[in-house]
Structures are given as structure tokens and as C-alpha cells.
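The structure appears right after this line, and notes come after that.
Every read-out reported here was derived from the displayed coordinates using simple, explicitly stated rules and does not represent laboratory data. All values reported here derive from a predicted model rather than from experimental measurement. We place every Cβ from the backbone using ideal geometry, glycine too, and count neighbours over all the protein chains shown.
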Amino acid sequence: MTVKGIIMSWVRKDLLGLEYLSKEEIELILSTADSFKEVSTREIKKVPALRGKTVVNLFYEPSTRTRVSFEVAAKRLSADVINIASETSSVKKGETLIDTGKNIQALKADIIVMRHNYSGAAVVLARNIDLSVINAGDGWHEHPTQALLDIFTLKEKLGRIPGLHVTIVGDIAHSRVARSNIWGLTKLGAKVTVCAPAMLIPPGIEELGVKVSHDLGEALKQADAVNVLRMQFERDEEEAFPKQLEYFQNFGITAERLKKAKKGIIVMHPGPINRGIEMSSEVADGANSVILEQVTNGIAVRMAVLFLVAQAREENAA
Amino acid sequence: MREKAKILDQEAINRALTRIAHEIMEKNRSTKELCLIGIRNRGAFLAKRLANAIEKIDNAPAAVGILDITLYRDDLTLIAAKPLVRKTEIDFDISDKNVVLVDDVLYTGRTIRAALDALIDFGRPKSIQLAVLVDRGHRELPIRADFVGKNIPTAKNETVEVRLEETDGLDEVAIVEKS
Amino acid sequence: MRLLIKNGRVVDPANNIDAALDILVADGKIVKVAKDIKANGAQIIDAADKIIIPGLVDMHVHLREPGREDKETVESGTAAALKGGVTTLLAMPNTTPAIDSEENIALLKKIIGKSAQANVLICGAISKGRLGKELSGIAELKKAGALAISDDGSSVDNDDLLLDAFKQAKEAGLLVICHSEDKALSGKGVVNRGLIATRMGLRGISHESEYLRVERDIKLAKKTGVKIHIAHVSCKESVILIAAAKKQGVKVTAEAAPHHFSFTEEAVLGFDTNFKMNPPLRSKADREALRQALKDGTIDCIASDHAPHTENEKDIEFDRAEFGVIGLETELSAAITELVETKLLDWPRLVEKMAVNPARILGIDQGSLATGKDADIVIIDPKQERLVEKQKLISRSKNCAFLGMKLRGVVEYTIYKGEVHPWNS
């Protein structure tokens, strides 16, 4: 069944990654989010759609902004929200991920929103429990709601996705945000360039249909938008990593660089920003930045996702 | 699905709406504190038509809004096709207004219940009234319409289909029997 | 008690036999192989439409005992082996304690004597504790009964130490089995390096980490003249190096594991840890290279690299899960399905890969159905298909890559030293 070319049925119990979704499913989430955006502008910012449902935020990695965004989204849908924060070290000692999931299932919760430091953790959990699992970021793998809110913001600002040139700058190799954005944007017909020092470009990435560039000036020339990734210099890895200052000189987004870019280029960042490393303060607070709008849109997108998976799960049970 | 009878044609629908417009004005006197809020999908178009009819009577436009009640439904799992959540568009304050809710068919009353819940979240209207094109009976909640285009007694295995030019390409109301 | 196997097709490449013959067994030995044998009072197995081959020799098995009896024991592992048609296996030394001394061999031998259901041969450790720091007493291991040495699970990083080990092994007449992996290159990798790893957000294991070590191991083997065997070859470059070395007369042999010639890295995409092994599943081109190498003889044999792990160690996040899968119960069916059914190997070649060649490499008297040999015989229904199901596996661990798949070729009977184990009930 379609309305104006949009499919009406969401059948998945989980949202694990944009790699697994069709173009139509992504469009359905975006159009649903569009409807939800209005709820947050009301005086009473709440609808009863998930009344009586329990959403568990299961966070194995500290993350204030994603967790809060999901919590606000769930509450605006009238769901009850429980937050469980677990440091990896205690998990290593304690019960397995699947055991934790089954315990939450036994509490008769409905949706688990999980952040995990290992790639694929959400996939493993979803396979082993009946609850809906929403991936709030797993290792370097995917962060689907972040990419959805990025794309939602792009569409809102630029009116379309097909044909847009989007440049993603930063640590592509270790970024779940980059991966989810690449899947989502290419499926919707945008042209994606990833830009980073060679050591931060993962092998085979071109085969996902993106252009690889090591020259920021070049990569910004065509871009309608630039999505700037957070750099984690504190990363404790055996892999090579650039020096902070050197990175900013070559890949930091500055007003100078934006002047040479396409007029009206949009600057996005998943936050939290390292000012003076990924971009200058001037850019972060400037006219091209839509960073705070991303935060607002994140709520609508997460409301849409929570609503859709809850509905699909009820449908399956009925 | 078998179509049993045509109940209203375009002319009859127009007449019914004109009559309802007059009744609304009789009851509310002026468009100053009046607003019409249509329930998606067809109620929204009926609300616009009613507003046009009222403007002809009073020469002043009434505010028109659109309400999507998907998020307030109590039967999400019961309906076969999952409804698409669409936008609610009420870009005015409904507090202290006389709100006329508009829908195409009044049946169990559950849609109206959901709409009332939704409206209350937008503010505190002075009153809420209900206008429907067709009342087919079989109420499951203590809800009645203030303005009715036509009462059509139906059996439970029948449905009333309201077709509008905006959505279906023509104006008519028919009774359809479920097979 | 005499046993007569009638009407089957006997595939015994060690003796150049592929014909409809009967086999008579008495006192655990093969007594006669001929047409229409009559034997009054003998137990008879009608093997019409069945294929009869020598018991398989699997030269790469982790039995986990002593130390990790929760994963597998000599008893459970050898029972699983028999079910898969494996009557002789080489037990890898990465147990706790490692099999790095005369005493530890004695300890393992005691366990084997008490509980082994099949023929278990012992592989000693190259270095003490398999730490790659100090050599174990290689001559002493040989004397105590080790058939080969290996630090499997690790490679000896220090070239000088390995050179020393090769010299001593050469002197002792011991085979060295090389786990060729440079951990400085493979690091924390968990899947093949490339697009799939990138898509999954997982660290990759490069081809270089394997073949550069294969290259070094071959170089040192050439220098010393020792016999080496490259374990679990996974990539094309290694195949090329081994082929070249063989041409030059280096005494090198090699094995491939069923998962490597059956699957590609794409199997990993669902984060199923039953596809996590070391070396990892590689690309289509690598799998094709392994298949061709099995066909042309560059790779001499098939070995399961049977690596049992508990659910607690497997059914977790991909990064944290242990490497390795079990294979004893499925290797023959997997090889029939992937190699024989696809016409890559005919039956005699398959038997060479799974019985004759590993026996030759280890220098043992198995892999033959000649008169006077141990009656280690497998009777296969080559047409029957069977679903691999968790609850039907008898290994103590269930981490099998073939779960949920249908494999062709079912072991109906395994006869070990004349004792009949029927599996089709």
C-alpha cells in the first residue's frame, strides 16, 4: 500500500543499521519523523502513542547526548523510560549481553535502545530476544538514528537528497556515523565523498560507492554539505593516528575554507564538538552550521523510529 | 466488497455541507472565535469546504486546521494496514475558541475520542462541537454529533464510503457490503 | 568375531583400488579384500550403493584435554571423530598444560589410554608453554612419542629460535607443523581485511600476516631440510608460495580446512561467531585458489582444525568471541558436498586428501584398506543429505559453521579396529 509513493508498512522489529534498510524504509522513517517534529512544538509536548510501553536505554558506553535524545523522544511518546548504564569492564566480569537482554525481556520491557562499544552487538542481541532493539551506536559499525537525523536535517535544509553532494570529513575508519551516513545517503541517491588522511580511510570503502579524497579543499569544492566527524585523539589503539595540530591544519573546517566552498554549504557535526580540532568556533557557531537543528531533529527521528518498531512488534504479536 | 447503494451524490453532499455551515453559524454567531479542525484524511477536506461555505455566509474566514489522530488511537494493532503518521497542522491557538471537529463518518466514536484527547493537548477550547457528513450509528462511546449531514442506518457488516473529489476524484457516499 | 562388508564400492587409492569388492575383517584387522567373499557366521553389513573408504586421518584437532574439559575431552572429541568417519587424529598441544615435555606427554597418554574412542596421536609444542621464548626438548618429545611439533595457535616469532627448532626437528626426524601468522600484522583483527571488515566495522586480518610467515617458514625449511607442514592455509598468496617451494624440492606439505574451502568472508556479515576463525574466511578468489590447490595437489590434505568452544565464549559480541569452529563431525560431508559433488575431486582423490596423504605426512600406517592393516573403515551413503543440527552434534561444544545447512554424504558406519559403530539409527 502506498500513499504518494511512500510505502506504508514497517515490518521490522528492530532498527540495526541503514545497511539493512531499503530506500523506501528510510523514506518512511523520514516522513514519519516529519510528522513527529510538530509534537515538540506544542505546548503539551506529548502524545499517548507509546503509553504503557517500556523503553530501556542500555548503554555500555557513556553517551549523554544520544541517551538523552532517546529519553526525550520516548517520553514525548508517553513511554516509560529506564536507563541502564554499564561500563564494559563490569560487563566483562558479569553476565553476557544475551543474558542481560533476556533479563530485560523478563521485566516485560518493549524496546531496548542499545549503545555498545563492540561492532555488531545490536545484531547479536536482536537475534536472541523478542524485544525490539534499536541500535544507538555499535562499535565502528552503525549509528542509524544519527545518520537518519543528519539526512533529515539535510532534506529539511536543502529540500532533497538525490543528487546532493555530501562530504564526510574525519576518522572514517573508526566511525559508525560515517558508515550509516554512507549507506543512507547512497541509497537515497546522494553523492558522497569521504575525506581524511589515508590512515583513517578503511580498506575497500570505495566499493560502497563513495569517492575518497585526502584534500579537504578539493572535497569541499562541490559539496552542498559537509558532515564533520568527531575525532577521538584519546583513542587507545595500536593503529596509526594523526597529531591534533596537524589534523586541524589539514582537515579542520575553518571560515577560510568555507569561503572557498560552495555558497550556502551546510556544516553538520554529530557532537560533541572539539572546537579548534574538527572545526573552528567561528564555523561551529556560524551561519552555515545546523548543529543545533540536528539535535532538535534527532528527537523527531527517534520518536519515529520508536513508534515504528513498537507498532511492528505489536503487529507481529497480534 | 459489494456496493449496495449510493446514498449521496455531489449535489446532495454540497447541500448537506451548506446546511451544516448555516447550522454552525446559527449556533456560534460569528467566525471570530470559531475554528474548524478536520480529522485526517477526508475530514480535513470537509473542514475546508465548510470554511468556504461559512465565508460565503459571514464574509469572514474561519481558521482551519488539520488533526492527525494516529498517535491517539486505541486500536493501532487492530487495523489491517498500519496507518502512516502524518502531520497535524494547527497553526493557531485553540484556547478559548469554539472548535468544530469535522469528520466524514461517525461510527463507534473512537476516532472522535482520540481527536478530543489530541485537541485537549493543544489548549483549552471554549467548546468543542462535532460535525460529520454521515452518522451511521453503532456507537461504542457516549459521543454524539452536533451537526449531521445525513443519518444512514447501517448493518455492522456494511461500511459507509465517503468519496471526495480531493481524494477520490468524485463526490459521492455509498454503502458497501463486506464479503 | 568376523565382519563381512558386502556389495559396496571400495575406494582405496593407496592400493589403486576403486571397485565393487567385499571386505572381510577379523580380530580388528583387514583379512581379505575380494569379490564375493563367503564367510560363514560372520556379521554382515550390506553396503550396496555405499562407498567404503579407509578411516579418515585428521591431522589438526584440538581436544582441549587436559585443561579445558568444559569445551571438549579426549573421550567426547574422539567420539565426535568416529561419528565423522575420523579414526585417527593428531591432537594439538595447546592444552593446559601445553604438551611441551615428556611428563606432559605421559599425562596425555594416560588420558588417551583411559578414554580415547579413536586413535589419538600426539603433537608436541615447539616452545615451552608455546610462548615462543625457549624451545622444548624436541628430541625428548620425539622419544616420548610425539609425531610432530607445533606451536599451533601461535607462530614462533623469533627467526633464530625457529631455525634452531627446525634443525633439532630435522635431527630428530620430526615433522614441524607451522601456524603461519605474524601477530604483529594481524593484531586485534577478527575478519579478513577488506570491504567486508569495513562494512562490519571490524578490524581486519591481512593476507600478509599469513603469507609473509609462510614465506619465512619455507625459507627456513629449505635452509635446514626439515619437513614442514603449513596448517590451515587460507589465502591465494600462500598457495602460490607453497607451490613454488614444492617445485624447488622443499619438503613442505599443506592442509586446508573445510570452512576455508566452503565459505567466504561474506558468511560473516550477520556477525555469527560460528564464522569467526583464525585464519579468517577470505575472499571468493582465495576460496577458489584453495579448491584448485586441492585439485592440483599443492594442498595435500584436508584437516578440520576442530576447535571447540563453549557457548559462553562464542555466543557473545563478535570481537570478544573465541576464534575457531568444530569440524570433526562435518568435515567429510562438507568435503563431499563442496568438492566431490562439484566434480572438483573424484572419490579416490578425496580419500587421498583425507586419509592417505595425512597418514603419509605423519609417517603412520593408516589410510589403506590392504590386507593386514587395522580395520579402520568408513561406510558412506553418498546420496543421502542431512541437515546439520545443533542437538545432534555429539562434540561437547556446538560451535559449528555448518549449522542449519544440508550436507550430502552421510557416514553410516565407522569401523575402528574392527569395532562397528553404526550411526544411522
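Could you work out how far apart the two model spin labels at B:R139 and C:E208 are, taking each label as a point 7 Å from the Cα in the direction of the beta carbon, and quote it in nm?
8.0 nm
Under a 5 Å amide H to amide H cut-off, with H placed in plane at 1.01 Å, what residues pair with A:W140 once short-range neighbours are removed?
A:S119
With N denoting the number of residues in segment B:88-154, provide Rg(C-alpha) divided by 2.2 N^0.38 Å, to two decimal places.
Rounded to two decimals, the normalised Rg is 1.14.
Quick check on segment C:55-362: of the DSSP beta bridges with both residues there, what percent are antiparallel, nearest 5%?
Values: 1 of 26 bridges.
If we restrict to bridges inside segment C:55-362, about 5 percent are antiparallel.
Set Lys and Arg Cβ to +1 and Asp and Glu Cβ to -1, take the dipole of chain A about its Cα centre, and tell me which of A:V72, A:V56, A:P270 lies farthest positive.
A:V72
One-quarter of the Cα convex hull surface for segment A:144-292, in nm²?
Numbers: hull surface 31.9 nm².
Convex hull of Cα atoms, orientation-averaged projection: 8.0 nm².
Taking just the alpha carbons, could you work out the radius of gyration and Dmax for segment A:279-318, both in angstroms?
Spelled out, the Cα radius of gyration and Dmax of segment A:279-318 are 17.0, 54 Å.
With 10 Å bins from zero, work out the P(r) of the protein assembly as shown over every alpha carbon pair and list the percent per bin.
Over the protein assembly as shown, the share of Cα pairs per 10 Å bin runs 2, 11, 16, 17, 15, 13, 10, 7, 5, 3, 1, 0 percent.
Would you pull out the residues with amide H under 5 Å of B:I37's amide H, same chain only if 5 or more places away, H placed 1.01 Å from N?
Close amide H contacts, sequence-distant or interchain: B:G65, B:V100, B:L101, B:V102.
Can you tell me, using C-alpha contacts under 8 Å and at least 6 residues apart, the relative contact order of segment A:144-292 as a whole percent? Don't jump to the answer; show the numbers that get you there.
Working: 261 pairs, mean separation 34.3, N = 149.
About 23 percent, as a whole number.
Name the residue farthest towards the positive end of the dipole of the protein assembly as shown from the options C:Q391, B:V99, A:L188, assuming +1 on Cβ of Lys and Arg, -1 on Cβ of Asp and Glu, about the Cα centre.
Farthest towards the positive pole: B:V99.
Could you grab the relative contact order for chain A? Cα pairs under 8 Å, six or more apart, rounded to a whole percent.
Once normalised by length, the contact order is 21 percent.
Tell me the Kirkwood hydrodynamic radius of segment C:55-362 in angstroms, computed as one over the mean inverse distance between distinct C-alpha pairs. Before the final figure, lay out each step's value.
On the way: mean 1/r = 0.0524 Å⁻¹.
In segment C:55-362 this quantity evaluates to 19.1 Å.
Could you give each residue of segment A:250-258 its phi-based ³J(HN,Hα) in whole Hz, using Karplus coefficients 6.51, -1.76, 1.60 with θ = phi - 60°, and x for Gly or Pro?
Result, ordered by residue: 9, 10, x, 8, 10, 4, 3, 5, 5 Hz.
Report, in debye and to the nearest 20, how large the dipole of chain C comes out about its Cα centre when Lys and Arg carry +1 and Asp and Glu carry -1 on their Cβ.
With only Lys, Arg, Asp and Glu charged at Cβ, the dipole is about 620 debye.
Whole-Hz Karplus ³J(HN,Hα) for segment B:136-145, in order, using 6.51 cos²θ - 1.76 cosθ + 1.60 and θ = phi - 60°, x for Gly and Pro?
9, x, 6, 5, 10, 9, x, 10, 9, 8
Assigning unit charges at the beta carbon (Lys, Arg +1; Asp, Glu -1) and nothing else, what dipole magnitude in debye, to the nearest 20, does the protein assembly as shown show about its Cα centre?
780 debye
I need the phi-derived Karplus couplings for segment C:237-249: 6.51 cos²θ - 1.76 cosθ + 1.60, θ = phi - 60°, integer Hz, Gly and Pro marked x.
4, 5, 4, 4, 5, 5, 4, 5, 5, 4, 4, 7, x
When DSSP beta bridges are limited to those with both residues in the protein assembly as shown, what percentage is antiparallel, rounded to the nearest 5?
Details: 47 of 136 bridges.
In the protein assembly as shown, approximately 35 percent of DSSP beta bridges are antiparallel ones.
If you average 1/r over every pair of different alpha-carbon atoms in chain A and take one over that average, what Kirkwood value in Å do you get?
Taking every pair of different Cα atoms in chain A, averaging 1/r and inverting gives 20.0 Å.
Taking a temperature of 25 °C and a viscosity of 0.890 mPa s, what whole-number D in µm²/s does Stokes-Einstein yield for chain B with Rh from Kirkwood over alpha carbon pairs?
Details: Rh = 16.6 Å.
Translational diffusion coefficient: 148 µm²/s.
At a threshold of 8 angstrom on Cα-Cα distance, excluding pairs fewer than six apart, so keeping six or more, what relative contact order does segment C:55-362 reach in percent?
Normalised by residue count, the contact order of segment C:55-362 is 17 percent.
Which entries of C:K167/C:K353; A:K46/B:K87; C:K353/C:K373; C:K276/C:K390; C:K6/C:K83 have Cα-Cα distances beyond 23 Å here? Please list the in-between numbers first.
Working: C:K167/C:K353 28 Å; A:K46/B:K87 15 Å; C:K353/C:K373 19 Å; C:K276/C:K390 17 Å; C:K6/C:K83 21 Å.
Check vs 23 Å cut-off fails for C:K167/C:K353.
Long-range amide H contacts for A:I112: which residues qualify at under 5 Å (H placed 1.01 Å from N, peptide plane, sequence gap of 5 or more or a different chain)?
Those lying under 5 Å, H to H, from A:I112 are A:V56, A:S132, A:V133, A:I134.
Please arrange B:I69, C:I5 by counting, for each residue, the other beta carbons lying within 10 Å of its beta carbon, fewest first.
B:I69, C:I5
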